[in-house]
Structure formats: structure tokens, C-alpha cells
Amino acid sequence: MPNLSERVGTFTDSVIRRMTRISNACGAINLSQGFPDFDPPKPLLDALAKAAYAGPHQYSITFGAQNFRAALAQKISKTLDRAIDPETELCVTCGSTEAMMTAMMTVVNPGDKVLVFSPFYENYGADAILSGAEPIYIPLVPPTYDFDLHLIEAGFREGAKAIVICNPSNPCGKVFTRAELTAIAALAIQYDAFVITDEVYEHMVYAPHTHTAMASLPGMFERTLTCNSLSKTYSVTGWRLGYVCGPAWVIDGARKVHDFLTVGAAAPLQEAAVAGLTLPESYYDELRQLYTQKRNLFCEGLDRIGLVHNVPQGTYFVMIDIQPFLDLPQFQGYSDLQFCEWMIKNIGVAAVPGSSFFREPVNHLIRLHFARQQGTLEEALRRLEKMAALLA
Ligand code: GLN
């Protein structure tokens, strides 16, 4: 038989999504792949039911249904503090996953360098490979996940065409401050580079931290491809609705890439999602409160049972330090992946090994998420308490 492409030999399937499959097979509480176990807001469900009979059921305009783009533009205009033109400055995609891939394909030629923070959401590695980009990794150093601006400047000096910023940051929960973003923006302008952002957790930011959109900073809309999705904000990860927002000449390119990648996002779901985009401001406050409660419940629970973890400034992820376990005789030689597999089978809780996110050889962290109903989080904590007892 002929060989498969060399490309597919250079990356693995997503470990995040693999952990979900193992978790399902074992009936564990799945705190690995981040998605909520509660329903979207009722107005979206009602609108979906209506769309089932009223349609549309055929293709939408390839770069997004007009009414969906108009509603999106209204919401984004508030965040970016500028009037977004739905006719030219938006491309609707199948989730932020396609948005990021499209953004990368739009600005990067094979062989171009791209700056990526490490730890990073694992898709960016595959995005770089599929678009031919060569990542230069900028460490976000645990436990504070700070970075060295000099390394970013050095990367731009090496000719990096773009920098990828996940803000709030998956998996480490860092929320980039306005000062940090301003400093990165100045370098992007100085070295004439693009910024590609992934801001899917924009509404999961915990006080006193606040979210600043890169494209809202002076001079940055012009060179930023803002990627986002409705998945997290409206608890509809399965609807696969995302977008790239940017200046018209960039979006013109992105629309071409998107057109041939997927043709378009699901038309009836775009129709239904307008009901989400037009929810009042109070919806986002309540969402933030809900996730703040979940974060506090989960982090306080981890403190109580004695597991060492970071406290995320944003997102719904927590990193737990498993080094104390790896030091026990029964886990000698275990990788973080083997530890996660052991956890699923023996503790009944699924997590993602930290090594899936780090470029550096980090093997002592695992990622858990808390987008779960209170009872599920409490049961997960009871199970983790049994695990913590191994350290006693
Ligand atoms: N962003 C979520 C995570 O990191 C899920 C992403 C996905 O599987 N598409 O777990």
C-alpha cells in the first residue's frame, strides 16, 4: 500500500479528547476535556426548537448567516470598543478550532515562524504543523505563569510572522494584564507581526482580574485576528460555532480559507444562537458568578484534601501537582499520562496530563476542569480525597 502523508505522522490525536473516550469507557467523572454538564440557557433551546421546523436547514452564507453575523458584531463591538462591520470584518467558523486553523492558514506561509506560549492548548501545535509554521515557544513559567518579554522580542527579531495568545489561557488559567498585552502589542507593531488570539474564556475571568481584548488596544485591531466561539459562553460546545474577527483585508483572506475547509457552520444552529448573542448583560455577570462559585468550591476542596494546585485567574481549569504521588514507590517511573490512566481506572476521575500542553519536559502536572454541576464536583472531590489519602 502507498504511505500516508508525512504530515499525519508528525502529530498524535488530541490527548484531551482521547482522555474523554477512556473516561467514558470506564464510567469515570470526566474532568479532562473541558465542557459543561449543564444545559445552555433556555432562550437558545427554545430558538433551536423553533429552528427545527422553521429552518433554515440548507447552507447559510459560507462566512456566516447575515442575522448571526449582525448579532455577533453587536456583541463584539462592545468588547472591542469599536463598530465591527458584519459585512466585512467577521468570518463565522465551525468553533474556535476552525477559527484558529483558518487564522493560521491566512497569515502564515510554510516555514514562517510563529510565537506560541508554552504551556499551550494542544490544537496550536497541530495548527502550526498543518499550516507549515515553525513554532518558537515562549515559556509561561509555573507556578505564576509569567513570561520574559525579551524572549518575545528575540522571537520577533528572528522574524516571527505572528504570535498566538490564548487569553484567558488554557491550561494554566493566566489572564494577561493590560500592561502585558500592551508590551506585546508594542513589539508586534515594531516588528510588523500579526497577533492571533483565542479568547473563548473571555467571560470566565475571576475578580480582581479583568479581560482585555488585544484588538481593543490602540493600533491593534489592524493586525489582530480575534478568534472566539459560543461554546463556553453559552454552554454549547457541541454546536461548533466560532468566528474570526479582524480588518476587512485579513477577513477577506480568512473567508477563502474557511470556504474550502468547511463551507460553513450549521445553519439552524446559527439561527438559534442569535438568541444567546442578544441576551442581556446580566447573563454574563451571572455566568461569571456561577463559575466563580465552582472555582472556589473546587479549589477550596483541593486545599482541604491537601492537593497542591494553582488558582486560575480565568478559564475553568486547575493544574494539580502530582509530584508527591510520583515520588511514591508504587508510581516509580510513571509518566503523567500513565498516572491519568491509573486515576481514571482506580479513582474514577479523568484529568489531562500536563505534558500534552508543555513544550518543556514537564511531567508533574495534570489538568482538571470544574465546568460541572455542584454535586458532580463534590463527588469528584470525595474520590480525589481517597487518592490524597495515599500521601498520608
Ligand atoms: N477547550 C477544551 C479543552 O481544552 C475542549 C476543546 C475541544 O476538545 N475542542 O478541554
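Just so you know, all these numbers are worked out from the coordinates, no wet-lab data involved. The model shown is predicted, which means the values in this text are computed figures rather than measured ones. For neighbour counting, all protein chains shown are included, and Cβ atoms are generated from backbone atoms with ideal geometry for every residue, glycine included.
A few points about this structure:
- Over the residues of the chain, the helix contribution to mean residue ellipticity at 222 nm works out to -13500 deg cm²/dmol, using -39500 (n - 2.57) for each DSSP H run of at least 4.
- Largest GNM mean-square fluctuation among Ser32, Ser229, Ser14, using the chain with Cα springs under 10 Å: Ser14.
- Equivalent ellipsoid semi-axes, the chain, via Cα gyration tensor eigenvalues times 5, rooted, Å: 33, 26, 21
- Neighbour net charge for Arg240 - beta-carbon separation under 14 angstrom, K R +1, D E -1: +1
- Gain on full stretching of the segment that runs from Gln373 to Glu134 - 0.36 nm per residue minus C-alpha separation: 82.0 nm
- Fraction of beta bridges assigned by DSSP in the chain that are antiparallel (%, nearest 5): 45
- Near-label residues of segment 125-148 by backbone N, under 20 Å of a point 7 Å along Cα→Cβ of Val8: 125-133
- Karplus (6.51, -1.76, 1.60) ³J(HN,Hα), θ = phi - 60°, over segment 193-204, in Hz, Gly and Pro reported as x: 10, 8, 10, 10, 10, 10, 10, 5, 9, 4, 9, 10
- From most to least packed by mean Cβ count within 10 Å, the peptides 56-66, 305-315 give 305-315, 56-66.
- Fraction of C-alpha pairs exceeding 22 angstrom in segment 279-392: 34 percent, rounded to a whole number.
- FRET efficiency for His57 and Thr262, using Cβ-Cβ distance with R0 set to 25 Å, rounded to 0.05: 0.90
- Amide H contacts for Ile29 (H built 1.01 Å from N in the peptide plane; partners 5 or more residues away or on another chain; cut-off under 5 Å): Val349, Ala350.
- Amide H partners (placed H, <5 Å) of His209, local residues excluded: none
- Modelled this way, with points 7 Å down the Cα-to-C-beta line, the labels at Ala70 and Asp46 are 2.0 nm from one another.
- Taking a sphere under 12 Å around the Cβ of Phe11 and counting the other residues whose Cβ falls inside, with K and R at +1 and D and E at -1, yields a net charge of -3.
- Put simply, segment 24-76 fits an ellipsoid with semi-axes of 30, 16, 13 Å; these come from the alpha carbon gyration tensor as the roots of five times its eigenvalues, largest first.
- Summing +1 for each Lys or Arg and -1 for each Asp or Glu among the other residues whose beta-carbon sits under 15 angstrom from that of Phe147 gives -3.
- Sequentially through segment 151-168, phi angles give Karplus couplings (6.51, -1.76, 1.60; θ = phi - 60°) of 5, 5, 4, 4, x, 5, 5, 6, x, 3, 7, 7, 10, 9, 10, 9, 9, x Hz, Gly and Pro residues having no value and appearing as x.
- Fully extending the segment from Cys26 to Glu222 would add 65.7 nm, taking 0.36 nm per residue of separation and subtracting the current Cα-Cα distance.
- Note that segment 365-375 has calculated 3J(HN,Hα) couplings of 10, 10, 10, 10, 10, 10, 7, 10, 5, 3, x Hz, one per residue in order, obtained from phi through the Karplus relation 6.51 cos²θ - 1.76 cosθ + 1.60 (θ = phi - 60°); glycine and proline are x.
- Reachable lysines from Lys386, criterion Cα separation under 18 angstrom, eight or more residues apart if same chain: Lys345
- Under-5 Å amide H pairs with Ile196, H placed in peptide plane, nonlocal only: Ile163, Val164, Ile165, Leu225
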